[in-house]
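Report on the following structure.
The values are calculated or read from the model by the stated rules, or taken from the named source; none is laboratory data. Fair warning: this is a prediction, and the values are worked out from it, not measured in the lab. Positions of Cβ are generated from backbone atoms using ideal geometry, with glycine treated the same way; all protein chains shown enter the neighbour counts. Ligands, DNA and RNA are excluded from the accessible area calculation, which covers all protein heavy atoms including side chains. Shrake-Rupley method; radii C 1.70, N 1.55, O 1.52, S 1.80 Å.
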Amino acid sequence: MPDQPNDTKVEPLTLEQVRSLYRQLQGAYSARNADYAFAREMYNGHHWGQGGLTKPDSASKRYTLVANYVRSTVDKSVQLLLGQMPAIQVMPPGVDIDSRAKAEAMEALLYSSWDYNDAPIVLRRVAHNMILVRRGLIYYWWSSSENRPRFRSIAPDNFYPLYDGEDIIECVIVSRRSTRVLRRAYPKLASDIHPDDDGDDVFDESRWMNRVGSQNDVLDQTQSGVGGNDRDPVALSGQTTVLDWFDRNGNHVRVMGGAYFKQRIDYGLNTVPVIEFPFNLPGDEREPRSEINDIMDLNLYLDDLLSDAANVIRKFAHPTVLDMGSGVSPQTIAAALQKEGGIIPIRKDGDVKFLNWEGTPADFVSQYDRVQNLIYDLSAKPPASYGQTMTNQSGVATNMALSPTTSSTEERMSIFGHYLMELNMAILALYEKYSAGETIDVRGRKPKRAGVKATTFYEASIKGKDIAGWYSNRIRWPSMLRTDDPVYVQNELAKLQSKPKAQSIYTTLENLGTEDSEMELDRIKEELEDPRLHPEVMESAVNAATALQGAQVPTGMEGLDPALAQSGNLDEEMIDTNARAAGSPHAEQLTNQGY
């Protein structure tokens with residue numbers, strides 16, 4: 001399909017058009033947001049009787065036992081994906097030294113941006129939403145006051161996209177903002193910014209636009225008011241619904257109550273400034289699906305079984321006492337039966353009986369074991385941590401058990417990493433556009449290599465125009481199992497050492513988890529140029545040390561240099577001097593014997 005022409009200037013929507021579009025999208029995505037709410041209720045464990053998903057009949061007094069596998073599954077998936085932050089690698093535009101230096105400077109820009117924007121926290125929010133509600137979102141923008149790119153996670157519940165096939169052509173992001181802060185940030189529009197209680201239930205999950213203007217100016221009560229509006233008692237603690245509309249042509253409109261603000265934010269990427277992180281890749285306009293969707297139904301079924309058994313067992317543990325012929329009214333008996341372990345007053349000489357269950361007795365042991373195993377599963381701790389015995393498991397069995405988890409996580413890494421590369425492209429494009437003639441000096445820390453917590457300092461200096469449209473980068477994920485697998489490592493080394501070579505040293509280093517192959521090869525080069533570390537010298541030293549391991553040193557030569565003693569090229573004066581210096585009682589004997 002040919003591309004549509006994009007040279008026509010598109011005018012931004014008006015205030016009423018933004019409101020109308022938002023109402024239409026809100027209705028279209030109502031079912032989606034209902035699914036999101038259901039998933040969040042399950043994650044929080046509000047399954048029964050807590051004002052959550054369902055409300056059981058209060059008269060039945062159902063015992064609600066909840067096994068929250070949704071929470072443990074989401075948390076474990078996030079930990080497997082981002083337990084260790086990935087590394088960034090910018091591909092050099094050439095093979096010369098200058099190209100490599102340029103790529104390293106661009107890597108420094110990206111690492112600096114990740115550090116400044118608290119990437120570990122932001123990406124975990126994104127991964128949590130991606131796994132729980134099928135997609136995570138990052139909004140990015142250029143902060144003119146800070147002169148650098150910014151990005152934040154936004155709640156998928158507040159994001160309303162309009163697709164053209166697979167591409168987002170427009171979107172509306174809804175948030176709740178402080179009325180007072182908005183009036184200070186937009187003084188000319190202050191009279192039209194008023195508090196309201198409209199909009200969605202979930203707002204501004206990660207405070208993605210918490211930097212508006214100068215925070216000191218916003219909170220400084222000694223400043224003069226803007227037409228008195230910022231002194232409005234309602235506005236001091238009031239909230240205003242904010243609708244941010246974007247299109248891929250670079251238009252931005254913000255509606256704040258009755259206020260209307262528009263601007264051009266043409267970043268040159270022909271996309272809305274939002275990056276989606278879907279759980280899978282459905283294509284077109286279909287909603288992505290999450291593995292949590294299947295777990296929810298099974299989790300509810302398990303909870304139902306556990307609660308039914310628990311309800312029966314509780315009745316067994318607290319039987320109702322009956323006093324036959326005591327004259328107690330049926331209403332009192334009925335009220336007592338509705339209680340767990342209800343008791344009816346009895347006479348001193350009354351005919352007392354217990355209301356026992358008939359048939360197969362409740363299986364207390366199986367229920368206990370089932371609940372105990374749930375504790376191990378949900379706490380992600382082995383039975384040994386609770387004082388139980390634990391059998392040893394071979395490394396092969398462990399590897400086979402973890403391989404399916406590793407495979408599914410690698411699929412998440414592929415998708416997540418692709419959209420992280422898009423985020424890096426956006427960061428480089430923003431620097432290129434807004435710092436074209438400026439020299440950007442950055443200094444910070446980055447991992448020494450993927451999967452290692454140790455960091456190293458980096459410094460770089462580059463101008464925005466030097467980026468020159470080169471955004472090629474990739475994400476380097478730390479290995480979870482393979483680099484610890486001796487078979488995998490041996491196969492990689494065999495491909496490198498085969499004649500002819502089946503794999504380059506660059507590829508081998510990368511496959512074994514080295515984050516910066518070029519830096520590692522530079523270190524190897526330095527070692528080869530050092531005469532003390534040259535391979536031939538090292539090999540000779542190792543061979544000499546190996547030969548000495550089984551050598552017999554003559555009695556009394558403990559103070560001699562072993563290498564010299566083994567060679568036999570010692571004169572009498574040297575032996576005499578060394579032996580006497582070593583305090584040997586056999587110094588004279590060694591000299592007479594020719595040693």
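For the stretch 58-137, what size does the Cα cloud have along each of its three principal axes, sorted from largest down, in whole Å?
Principal extents (largest minus smallest coordinate, Cα): 78, 21, 19 Å.
Can you tell me the order of 23-30, 70-77, 529-536 when each peptide is scored by its average per-residue count of other Cβ atoms within 10 angstrom, highest first?
Put in order of decreasing packing, that is 70-77, 23-30, 529-536.
At a Förster radius of 56 Å, what calculated FRET efficiency corresponds to the Cβ-Cβ distance of S504 and T64, to the nearest 0.05?
Efficiency, rounded to the nearest 0.05: 0.40.
Scan around N117 for amide H atoms under 5 Å from its own, H built in the peptide plane at 1.01 Å from N, and keep only partners 5 or more places away or cross-chain.
none
Ranked from the most accessible area to the least, with a 1.4 Å probe and all protein chains present, what is the order of R254, R100?
From most exposed to least exposed: R100, R254.
In whole Å, largest first, what are the principal axis extents of the Cα atoms in the stretch 101-170?
The Cα atoms of the stretch 101-170 stretch 39, 26, 26 Å along their principal axes.
Between D308 and Y376, what is 0.36 nm times their sequence separation minus the Cα-Cα distance? Round to one decimal in nm.
22.3 nm
Which distance in nm do the two modelled labels at A34 and D96 give, with both placed 7 Å along the Cα-to-Cβ direction?
So the label points at A34 and D96 sit 6.3 nm apart.
For each pair in K102/K501; K501/K525; K499/K525; K102/K463; K9/K465; K433/K463, compute the distance between the two Cα atoms and list the pairs where it is over 18 Å.
Table pairs above 18 Å Cα-Cα are K102/K501; K501/K525; K499/K525; K9/K465.
With labels modelled as points extended 7 Å from the Cα through the Cβ direction, what inter-label distance (nm, one decimal) is found for S414 paired with K315?
Result for the modelled spin labels: 5.2 nm.
Rounded to the nearest 0.05, what FRET efficiency is calculated for K495 and L298 with R0 set to 56 Å and r the Cβ-Cβ distance?
That pair, K495 with L298, gives E of 0.85.
Tell me the GluC sites (Glu not before Pro) within the stretch 84-172 that lie in a loop according to DSSP and have at most 11 other beta-carbon atoms within 10 Å.
Here the sparse-neighbourhood loop sites are E146, E166.
If you wrap a convex hull around the Cα atoms of the stretch 139-191, how much volume per residue is inside, in Å³?
135 Å³
According to a simple spin-label model (label point 7 Å from Cα along Cα-to-Cβ), what is the distance in nm between K188 and D522?
4.9 nm
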